[in-house]
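Structure record follows, encoded as structure tokens.
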Amino acid sequence: MNAQNIYDDPDFQAGYVTLDRQVRGLDGASEWPVLRSLLPDLEGRRVVDLGCGFGWFSRWADEHHAASVLGLDLSTKMLDRARTDTASATVEYRRSDLDVLDLDPGSAEVVFSSLTLHYVQHLDRLLETIALSLTPGGSLVFSVEHPILSAPSIQGFETSATGDRFWKLDNYLVEGERVRTWFVDGVVKQHRTVATYVNSVVGSGLTIERLVEWGPTAVDVEVRPELADDLHRPWFLLLAALKPGNQHR
Ligand SMILES: C[S@@+](CC[C@H](N)C(=O)[O-])C[C@H]1O[C@@H](n2cnc3c(N)ncnc32)[C@H](O)[C@@H]1O
């Protein structure tokens, strides 16, 4: 496996487990209500969770009566905890590098991925694998760091001479590796433009249903004024796509 496996790094893990979304699960993920709204009914469906992490979504899919759930991740630490936290025999976890993943054709009705595809180097290959694995009418729903967030050489806000706050966007059109400090130095992510995500999904033969540029709303900022900066740029890109064919919904 050539992919970086930073989630197995003990110092990285020590920081990662303190995130609200890893303490409280899906309820601690601010974008979850919108991401959830993009999902089809899971009842009786075969679900694949790409980059399943601690298995929060895999368990949710099981609770929502998926016929089977396959959670895939590169990190043994993430998978170990996912297995410990999951009692149901409907959910299977498997170690897998998404850059070389093969899935059986027609083996899933729903493929889901939360905040993982921006680690993958060969997105087109993966999307072709996903498209092939879906049955006609099947759904792909994923979230990634929004490209405006992932682009800059140095991430952060600045204050102009007139007191305006702005996000320092540079290198948006320069796709490829970004090496960040996030709990530890040297965390490698892949920056892609919005157009690349859209065109890669379209190129795989799937039909895009919805695209969401997720960030806090003005109402969220009224409740939590510390989010005011976040009205300047989205946090996450959420996308729902369908495999053409009979509708499952
Ligand atoms: C930000 S976490 C998201 C975990 C989970 N989906 C969630 O939302 O809580 C990203 C996950 O992707 C996994 N990952 C990163 N690169 C991967 C790769 N090439 N193949 C499989 N999993 C990968 C990491 O190990 C980690 O568990």
Exercise for review: Would you check if residue 131 is in contact (Cβ under 8 Å) with a residue 12 or more places away in the chain and away from the ligand (no atom under 11 Å from the Cβ)?
Suggested key: yes
Check your understanding: Looking at (1) touching a Lys or Arg at 6+ places or on another chain (Cβ under 8 Å); (2) in a loop (DSSP other than H, G, I, E, B); (3) modelled with pLDDT under 95; (4) not aliphatic (A, V, I, L, M), which is the one condition that is false for residue 245?
Key -> (1)
Point to revise | Breaking point among (1) in contact with an Asp or Glu (Cβ under 7 Å, 6 or more places away or on another chain); (2) surrounded by fewer than 12 Cβ atoms within 10 Å (Cβ to Cβ), for residue 203 | key: (2)
Check your understanding: For segment 206-242, how many residues meet the condition of being part of a loop (DSSP other than H, G, I, E, B) and within 20 Å of the chain's Cα centre (by Cα)?
Key -> 6
Check your understanding: Here are 171, 199: which of them is over 18 Å from residue 53 (Cβ atoms) and touching a His at 6+ places or on another chain (Cβ under 9 Å)?
Key -> 171
Revision key, fill the gap. Of 88, 113, the only residue that is of a type in the set (Ser, Thr, Tyr), in contact with a strand residue (DSSP E or B) (Cβ under 9 Å, 6 or more places away or on another chain) and surrounded by 20 or more Cβ atoms within 10 Å (Cβ to Cβ) is 113
Review point. With 124, 85 as the choices, which residue is farther than 26 Å from residue 211 by Cα and not aliphatic (A, V, I, L, M)?
Key: 85
Exercise for review: Report whether or not residue 155 is part of a loop (DSSP other than H, G, I, E, B) and either near the ligand (Cβ under 9 Å from one of its atoms) or surrounded by 22 or more Cβ atoms within 10 Å (Cβ to Cβ) (or both).
Suggested key: no
Exercise for review: Would you tally the residues in segment 174-196 being in a helix (DSSP H, G or I) and either without any contact (Cβ under 8 Å) to a residue 60 or more places away in the chain or surrounded by fewer than 14 Cβ atoms within 10 Å (Cβ to Cβ) (or both)?
Suggested key: 2
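The values are calculated or read from the model by the stated rules, or taken from the named source; none is laboratory data. Not measured: the values here are computed from a predicted model. Glycine gets a Cβ as well: all are built from the backbone with ideal geometry, and neighbour counts include every protein chain shown.
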